[in-house]
Amino acid sequence: GVADLRHIEALSDADDTRLTLYRDPNADPHDRRFKLFRRSSVLLSDIMPIFTDLGVRVTDERPYSMNRADGELIHIYDFGLRADDASVWGTDAELGQVRERFQDAFAAAWNGRSESDGLNALVLGAGLTARQVTVLRAVARYMRQVGLSFSQTYVEHALVTNVELTRELVALFEARFDPSLEGDRQAAQDAIVERIDAGLKEVASLDEDRIVRAFRGAIL
């Protein structure tokens with residue numbers, strides 16, 4: 001209750017939104033709850049696609065409203081979320097990191113700072129940040145412009161299906177372009193490319209193999 005009141009008191013204007021992802025100790029390991037606090041109401045049809053793109057299903061929604069001490073009406077939406085794979089929520093020790101990534105990705109899509117598409121499932125599925133997903137999205141759009149024949153939906157499926165390789169692609173991009181990287185940049189890239197080559201041997205689909213190789217080539 002105290003945590004909720006802090007969110008409620010912090011709301012500054014009609015467009016301000018406060019978020020919190022939390023775990024009910026008695027809930028199924030696949031489930032989490034997500035609260036959204038606002039001074040203005042929202043349409044559920046605007047929110048549901050964002051959750052779907054993040055790779056979770058909405059099991060229920062509990063709306064509340066209350067008057068703040070200053071008389072301002074506050075709306076609280078409490079969503080039940082379910083992931084098919086309980087491991088994407090991480091361990092109890094990782095709860096804070098998962099919460100930060102998930103909330104940031106939701107807020108970025110909600111506020112229009114990033115697109116909401118199937119790649120956002122990598123936030124939970126691959127443990128990526130919204131910014132890292134944006135890098136992959138930019139590379140995917142570039143490859144479409146230069147003639148990659150696969151649809152955006154198929155590319156999303158290939159990356160979400162092969163999360164280990166997708167993590168390595170992000171690591172390769174950062175090894176090449178992160179200005180804060182210390183150490184031997186070329187050696188770091190060579191090691192990542194070697195891991196990608198090894199991982200490609202385990203990819204079941206030839207098309208998915210081609211997509212991962214195309215990403216690797218574009219980044220290099």
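The values are calculated or read from the model by the stated rules, or taken from the named source; none is laboratory data. Keep in mind it's a predicted model, so treat the numbers as computed, not measured. Cβ coordinates were reconstructed from backbone atoms using ideal geometry, including for glycine residues, and neighbour counts include every protein chain displayed. Accessible surface areas use protein heavy atoms only, side chains included; no ligands, DNA or RNA. Shrake-Rupley method; radii C 1.70, N 1.55, O 1.52, S 1.80 Å.
General observations
- When LEU148, LEU169, LEU128 are checked against the criterion of being assigned to a loop (DSSP other than H, G, I, E, B) and under 23 Å from GLY90 (Cα atoms), a single residue qualifies: LEU128.
- Considering residues of the stretch 58-100 that are aromatic (Phe, Trp, Tyr) and open to solvent by less than 30 Å² (accessible area, probe 1.4 Å) only, the residue nearest to SER12 (Cα to Cα): TYR77
- In this structure, GLY183 does not satisfy being assigned to a loop (DSSP other than H, G, I, E, B), under 22 Å from ALA105 (Cα atoms) and not β-branched (Val, Ile, Thr).
- Selection status of GLY112, open to solvent by 50 Å² or more (accessible area, probe 1.4 Å), small (Gly, Ala, Ser) and closer than 23 Å to PHE34 by Cα: yes
- Test: residue in the stretch 200-214 that is among the hydroxyl-bearing types (Ser, Thr, Tyr), within 25 Å of ASP84 (Cβ to Cβ), crowded, with 16+ Cβ neighbours inside 10 Å and out of contact with any Gly (no Cβ under 9 Å at 6 or more places or on another chain): no
- Residue match in the stretch 162-169 (condition: farther than 13 Å from VAL212 by Cα and open to solvent by less than 50 Å² (accessible area, probe 1.4 Å)): no
- Only a single item in (1) in a helix (DSSP H, G or I); (2) in contact (Cβ under 8 Å) with a residue 24 or more places away in the chain; (3) open to solvent by less than 70 Å² (accessible area, probe 1.4 Å) is not met by ARG137, and it is number (2).
- Residue within the stretch 31-44 that is out of contact with any strand residue (DSSP E or B) (no Cβ under 9 Å at 6 or more places or on another chain) and at pLDDT 95 or above present: no
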